[in-house]
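For reference, the structure is listed below as structure tokens.
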Amino acid sequence: AHRPLIAPSILSADFARLGEEIQAVAGTGDTRADWVHVDVMDNHFVPNLTLGLPVVQSLLKATDLPLDCHLMIEDPDHWAIGYAEAGAYNVTVHIEAAKDPVKLAKHLRAAGAKAGLSVKPGTPLEPYLDVLKHYDTLLVMSVEPGFGGQSFIADVLDKARTARRLVDTGHLKLVVEIDGGINAETIEQAAEAGVDCFVAGSAVYGADDPAKAVAALRERAAR
Ligand code: DX5
Ligand code: ZN
């Protein structure tokens, strides 16, 4: 297995000190995050409102860590490209919101970003296998999107296993990512199901030492 990727979600960070909060997980060695997960919510696709492109543009100047932008918004066909053009490493849109996800993936890649597709806990993968061929990452939601600090929905592990199998058999070429309720216990189950990248909000920014939490989560995922 490859080294597990850890993506702290700044949704659980102090929004008045976002630059410093990212710096807290931008050290060297085991305590360094692999990606920084940025949750963009529009109060329409999900019942919560966070931040948008201007904040992401500022964060891109404040860190050299790759930004993993998770767009929980309506009409990503219109809005997502701006994040790619700004320099986000990965731009993830929801399949439930995208009107033409294949075209969208092509545009994201042409703008220099990786293209990510996310599925809510109740959304199956099977109808979207042809769409997923155009994507670089698959974000399996393990909570209903909208809020940090919710409990892990273990039912989605079957979906992660399916994605892992499709990648291992060469049918898809995807980084399998999971988001929601990841902590020291649930990360082991997700790793066992074959997840490559683990988003963690409250488990990192709710910890006394976010950097140590990153190292500890990666260690648990590697076993
Ligand atoms: C929820 C967001 C998550 C959130 C995870 O809609 O997509 O990225 O920050 O928070 P935790 O890790 O606390 O469940
Ligand atoms: Zn997220």
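Whether any residue in the range 107-123 is out of contact with any helix residue (DSSP H, G or I) (no Cβ under 9 Å at 6 or more places or on another chain) and away from ligand 1 (no atom under 16 Å from the Cβ) is what I want to check.
No, there is no match, as no residue in the range 107-123 is out of contact with any helix residue (DSSP H, G or I) (no Cβ under 9 Å at 6 or more places or on another chain) and away from ligand 1 (no atom under 16 Å from the Cβ).
Exactly one condition in (1) under 24 Å from GLY112 (Cα atoms); (2) away from ligand 2 (no atom under 16 Å from the Cβ) is not met by LEU5; state its number.
With (1) under 24 Å from GLY112 (Cα atoms); (2) away from ligand 2 (no atom under 16 Å from the Cβ) applied to LEU5, the lone miss is (2).
For the range 89-124, what are the residues that are farther than 19 Å from ALA163 by Cβ and touching a residue at least 40 places away in the same chain (Cβ under 8 Å)?
Of everything in the range 89-124, those that are farther than 19 Å from ALA163 by Cβ and touching a residue at least 40 places away in the same chain (Cβ under 8 Å) turn out to be TYR89, ALA97.
Confirm whether TRP79 is more than 16 Å from ligand 1 (Cβ to nearest atom) and among the aromatic types (Phe, Trp, Tyr). Let's see the steps before the verdict.
On the way: more than 16 Å from ligand 1 (Cβ to nearest atom): yes; among the aromatic types (Phe, Trp, Tyr): yes.
Taking the combined requirement at face value, the residue satisfies it.
No value in this document is a laboratory result; all are computed from the given coordinates. As the structure is a computational prediction, the values presented were derived from the model and not from experiment. Please note: Cβ atoms are built from the backbone with ideal geometry, for glycine as well, and neighbour counts cover all protein chains shown.
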